[in-house]
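Undergrad: My structure is below; once you've seen it, I'll send some questions.
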Amino acid sequence: MEQASLRIEDLTIRFGGHAAVNMVTCAFRAGELTVVVGPNGAGKTTCFNLISGQLRPSGGRILKNGQDITALSASARAKAGIGRAFQLTNLFPKLSVLENVRLAVQAQHGIGPVIFRRARSFTRLRDEAYAHLEATRLQEAAKLPVTALTHGDQRKLEIALLLALKPDIFMFDEPTAGMSVDEAPVILELIEEIKKDAGKTILLVEHKMDVVRSLADRIVVLHNGELVADGKPDDVIALPLVREIYLGVPAEDAA
């Protein structure tokens with residue numbers, strides 16, 4: 001069997017006496033989009049934080065292409081190809097949208113801060129950054145400061161920054177949350193485009209069942225910090241336990 005691009009083994013984190021993620025083992029492969037579902041408090045975002053390095057596990061390990069990365073920092077994991085959509089606190093709010101993406105392109109090319117002072121002369125970097133804005137439908141906002149963006153455009157910018165860093169593992173935590181009916185399809189189209197690349201692994205936390213059905217190659221279900229189901233979408237959604245804990249259907253009705 002093909003080696004997993006990402007694997008978590010017995011992944012656990014405790015806060016006091018509570019295990020927010022408890023002995024979760026799961027493998028993810030290139031060319032596959034896995035949707036992680038579960039009720040509020042199931043451990044979905046905590047699991048993402050463990051994988052991307054925002055949290056350190058109490059136990060277990062994380063492997064990328066067979067290499068143990070459990071001890072790596074969040075920034076080191078990003079450089080190793082684990083990409084998670086940025087939050088605006090990681091941006092430069094006084095710079096333009098284009099300059100924010102250009103900085104990400106510059107970082108991906110390994111160009112340091114000394115050269116950054118002459119960055120206006122780097123036409124190639126700016127052109128590459130602008131291409132990411134076009135891909136995320138943000139070209140008309142290129143000159144605006146980040147603070148001027150709507151919520152929907154902020155989410156698009158997160159993806160533009162992610163694309164600029166060229167990861168091979170993409171992590172999206174509720175990418176359409178808080179977006180209008182008109183804005184959400186753009187984000188889903190972008191994820192669909194990424195999915196076409198067989199070399200990319202995509203992990204997605206999502207609550208909307210129509211999104212889950214349209215995108216998922218596989219569904220992983222967490223409940224009370226534990227893995228309770230893992231498989232093809234139709235098979236997982238049909239499980240009585242899943243219908244009870246995620247869809248709110250009583251087990252006797254789901255059976």
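The values are calculated or read from the model by the stated rules, or taken from the named source; none is laboratory data. The model shown is predicted, which means the values in this text are computed figures rather than measured ones. Positions of Cβ are backbone-derived with ideal geometry, glycine not excepted, and every protein chain shown enters the neighbour counts.
Undergrad: Exactly one condition in (1) basic (Lys, Arg); (2) modelled with pLDDT of 90 or more; (3) out of contact with any Leu (no Cβ under 8 Å at 6 or more places or on another chain) is false for Lys208; which is it?
TA: So Lys208 meets the others, but not (2).
Undergrad: What residue, among those in region 134-143 that are under 18 Å from Met179 (Cβ atoms) and not small (Gly, Ala, Ser), is surrounded by the most Cβ atoms within 10 Å (Cβ to Cβ)?
TA: Among them, the one singled out is Thr136.
Undergrad: Restricted to region 8-35, and to residues that are in a strand (DSSP E or B) and on the phi > 0 side of the Ramachandran plot, which residue is surrounded by the fewest Cβ atoms within 10 Å (Cβ to Cβ)?
TA: Once the filter is applied, the top-ranked residue is Asp10.
Undergrad: List the residue pairs whose Cβ atoms are under 6 Å apart, where the first residue sits in region 5-17 and is farther than 16 Å from Ala42 by Cβ, the second is modelled with pLDDT of 95 or more and acidic (Asp, Glu), and the two are 6 or more positions apart or on different chains.
TA: Close Cβ pairs satisfying both conditions: none exist.
Undergrad: Moving on. Any residue that is surrounded by fewer than 16 Cβ atoms within 10 Å (Cβ to Cβ) and not in a loop (DSSP other than H, G, I, E, B) - is there at least one of those in region 191-203?
TA: Yes, the conditions are met somewhere in region 191-203.
Undergrad: Across region 130-163, what is the total count of residues that are more than 20 Å from the chain's Cα centre (by Cα), in a helix (DSSP H, G or I) and touching a residue at least 24 places away in the same chain (Cβ under 8 Å)?
TA: Here the count works out to 4.
Undergrad: I would also like to ask the following. Select, from Val221, Val211, the only residue that is surrounded by 15 or more Cβ atoms within 10 Å (Cβ to Cβ) and outside any helix (DSSP H, G or I).
TA: Val221
Undergrad: For region 36-76, give me each residue that is buried (at least 18 other Cβ atoms within 10 Å of the Cβ), hydrophobic (A, V, I, L, M, F, W, C) and assigned to a strand (DSSP E or B).
TA: Across region 36-76, the qualifying residues are Val36, Val37, Ile62.
Undergrad: Identify, please: which residue in region 227-243 is under 24 Å from Asp10 (Cα atoms) and over 25 Å from the mean Cα position of the chain (by Cα) and is, among those, surrounded by the fewest Cβ atoms within 10 Å (Cβ to Cβ)?
TA: Filtering first and then ranking leaves Leu241.
Undergrad: Moving on to the next point. Among the numbered criteria (1) crowded, with 19+ Cβ neighbours inside 10 Å; (2) out of contact with any Pro (no Cβ under 6 Å at 6 or more places or on another chain); (3) aliphatic (A, V, I, L, M), which one does Val146 miss?
TA: Unmet for Val146, out of (1) crowded, with 19+ Cβ neighbours inside 10 Å; (2) out of contact with any Pro (no Cβ under 6 Å at 6 or more places or on another chain); (3) aliphatic (A, V, I, L, M): (2).
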